[in-house]
1. Could you give the nm distance between label points at residue 71 and residue 15, where each point is 7 Å from its Cα heading toward the beta carbon?
2. May I ask you to compute the full-extension gain from residue 283 to residue 324, defined as 0.36 nm times their residue separation minus their alpha-carbon distance, rounded to one decimal in nm?
3. Based only on the alpha carbon positions, what is the Kirkwood hydrodynamic radius of the chain, in angstrom?
4. Sorted from largest down, give the three principal axis spans of the alpha carbons of the stretch 56-163, whole angstrom values.
5. Just to confirm my numbers, what's the Cα centroid distance between the stretch 152-213 and the stretch 358-394 in Å?
6. Just want to confirm a number: the relative contact order over the chain, from Cα pairs under 8 angstrom separated by 6+ residues, in percent.
7. So how much slack lies between residue 249 and residue 125, counting 0.36 nm per residue of separation and subtracting their Cα-Cα distance, in nm?
8. Greater than 21 Å separation of Cα atoms is the criterion. Which listed pairs, 9/373; 333/405; 9/375; 159/333; 176/260, meet it?
Amino acid sequence: PSCKVFFAKDPLKIVRAQGQYMFDEKGEKYLDCINNVAHVGHSHPYVIKAATKQMELLNTNSRFLHDNLVQYAQRLTATLPEKLSVCYFVNSGSEANDLALRLARQYHGHQDVITLENAYHGHVTSLIDISPYKFNQLGKDSKKEFVHVAPSPDIYRGKYREDDPDPASAYAEEVKKIIEETQKNGRKIAAFIAESMQSCGGQVIPPVGYFQKVAEYVREAGGVFIADEVQVGFGRVGKHFWAFQLQGEDFVPDIVTMGKPIGNGHPMSCVVTTREIAESFGASGLEYFNTFGGNPVSCAIGLAVLEVIEKEDLQGNATRVGNYLLELLAEQKEKHPLVGDIRGVGLFVGVDLVKDQQKRTPATAEALHLIYKLKEHQILLSADGPHRNILKFKPPMCFTMEDAKHVVETIDALLTEMEEATGMKTENNAQCKRKTTEESSQPGGANESIGHMNGAACRQENRLYSKKRSVPSKRIRT
């Protein structure tokens, strides 16, 4: 019972997939907007060929020397700032984040970790402990003493919103307060960890400048900054290869973690850090090894994925298709009172559904209804965030303009049906001119593919789902 599947009421049995499409046992084709792990597309022939060729020769313990490991480490670190130069290869994003915590704690001997509201960093015990998205489900006393939770830097739903003159500094000050309080209690900060853009937390894009200020406070306290790129790295944001680069060239994390998208779903991941932190870890006297992390087959696959991203211009595709998707979704925000906010970068986009645009009341039941109706139209999309009201786009990077148009046209039709069926009034929409993308975009000009169409629209009476639908209190945040 604890093992969940997508669409629990009517689960899909998928038997094959190609590119951005999945096929069920009856041969029905579904457009996949969910599987970021199949980064360059399901069953990519170039990746399969590289894997098969190396499997025919050798796959063995990674404590033997092999050219693939060195070549892949060189290619991978070439995409990162110069000081991030040492790789540890592991098998999953959870393993990567667990190792990152070990590196951070060894560095100065500190133990405490600052994490963000609604964060998710993995399924092993050490990461459940620092993932409010998970441990909050266990009750109010589930947070460990060494864990400190900072407000999510969400300028749509968070403590400091788009009307704040400097939300980046305001949210960073919250981290500084946590550090000061922790030190008063005789504890020491080992690390601040954050996804470069929160995924399970609701497709949250931190305001530009936030990470720089947080890193300054954390390093002053003897801690390190860990950027979790498991879901958002490898060109998904389009203009940049890594999502942390959206903050600006002056920001460089101390540790970067990656997950299975780097192997197109093959069990492979990586931790990249500085030589100083790596040498401190080695000085502990406790050797590190991972039997098959960085094995010859995994590294051959990793090299193939990097080559496909470059040869097929998937970063450019993420920018072009992502911008188009944001434009189409912005039009839906103008038409539908259920759409409260559109935010995203490249092929990482969220649609925040609300019952009331002024109050920004999460439309949880409506989001669930919509993803099931999309499934009936053979489109696979998920809903996430602390209220499960965010439609979450993170498709394979081969997603096309035609795919984006098809999805948004279907969403448009379904929202219209829902509004007509429930008598939701939309005739006043024309009088409620909302902010344009340019007026409400992120400060600092991170890049043109960032969309954050939030803002106060006129109040709309919402008669959707007149029956009361409650969400367990542990998922509600006011």
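1. 3.7 nm
2. 9.7 nm
3. 23.0 Å
4. The Cα atoms of the stretch 56-163 stretch 53, 34, 34 Å along their principal axes.
5. Their Cα centres are 26 Å away from one another.
6. This gives 20 percent for the chain.
7. Residue separation times 0.36 nm, minus the Cα-Cα distance, leaves 41.2 nm.
8. 159/333; 176/260
The values are calculated or read from the model by the stated rules, or taken from the named source; none is laboratory data. The model shown is predicted, which means the values in this text are computed figures rather than measured ones. Every residue, glycine among them, receives a Cβ derived from its backbone with ideal geometry; neighbour counts consider all protein chains shown. Accessible surface areas use protein heavy atoms only, side chains included; no ligands, DNA or RNA. Shrake-Rupley method; radii C 1.70, N 1.55, O 1.52, S 1.80 Å.
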